[in-house]
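Scroll down for the structure; my scribbles are underneath it.
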Amino acid sequence: QVQLVESGGGLVQPGGSLRLSCAASGSIGSFNTMGWYRQPPGKQRDLVATITHDGSPNYADSVKGRFTISRDNAQNTVHLQMNNLKPEDTAVYYCRVSNFLYDRWGQGTQVTVSS
């Protein structure tokens with residue numbers, strides 16, 4: 001059973017930075033995609049960024065140039081470095097890890113951007 005634990009959310013002022021981390025445990029296998037999604041209050045959950053097992057990233061247009069996704073295959077972790085945060089980045093951020101055998105979500109971590 002794959003389990004995900006997120007960390008790193010919090011309150012930050014506009015223009016600030018945060019780094020989210022997600023640690024996966026269990027039999028996640030080698031060929032998986034790891035990613036981050038977010039759900040603002042009252043809105044649907046949307047993709048933020050994903051990264052394939054070989055390190056190819058994909059970003060939502062709204063975060064390109066500000067967010068960087070990375071992964072450590074030895075540690076089964078995925079990170080999201082968020083710079084120049086804006087109030088519209090406020091949301092619950094969810095980690096996701098999936099391959100052809102499974103699709104797992106973390107419990108979510110709150111990110112609030114406010115002065």
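The values are calculated or read from the model by the stated rules, or taken from the named source; none is laboratory data. In this text, all values refer to a predicted model and were calculated from it rather than measured experimentally. Methodologically, a virtual Cβ is constructed for each residue, glycine included, from the backbone with ideal geometry; neighbour enumeration extends over all protein chains shown. Heavy atoms of the whole protein, side chains included, go into the accessibility calculation; ligands, DNA and RNA do not. Shrake-Rupley method; radii C 1.70, N 1.55, O 1.52, S 1.80 Å.
Per the listing 88, 6, the residue uniquely of a type in the set (Asp, Glu), exposed (fewer than 15 other Cβ atoms within 10 Å of the Cβ) and not in a loop (DSSP other than H, G, I, E, B) is 88.
Mind listing whichever residues of the range 16-43 are more than 27 Å from residue 113 (Cα to Cα) and modelled with pLDDT of 95 or more? Passing the criteria: only 33. Within the bounds of the range 62-79, is there any residue that is surrounded by 13 or more Cβ atoms within 10 Å (Cβ to Cβ), closer than 20 Å to residue 112 by Cα and in contact (Cβ under 8 Å) with a residue 40 or more places away in the chain? Yes, that holds for at least one residue. Checking each residue in the range 91-115 for being part of a strand (DSSP E or B), aromatic (Phe, Trp, Tyr) and open to solvent by 30 Å² or more (accessible area, probe 1.4 Å) picks out 94, 105.
Residues that are farther than 21 Å from residue 3 by Cβ and surrounded by 11 or more Cβ atoms within 10 Å (Cβ to Cβ) were ranked within the range 20-47; the one that is farthest from the chain's Cα centre (by Cα) is 40.
Looking at 46, 61, just one residue is modelled with pLDDT of 95 or more and under 20 Å from residue 108 (Cβ atoms), and that residue is 46. Between 32, 84, 73, the distinction of being touching a His at 6+ places or on another chain (Cβ under 8 Å) and more than 20 Å from residue 108 (Cα to Cα) belongs to 73 only. Note on the range 18-41: residues that are of a type in the set (S, T, N, Q), in a loop (DSSP other than H, G, I, E, B) and without any contact (Cβ under 8 Å) to a residue 60 or more places away in the chain amount to 2.
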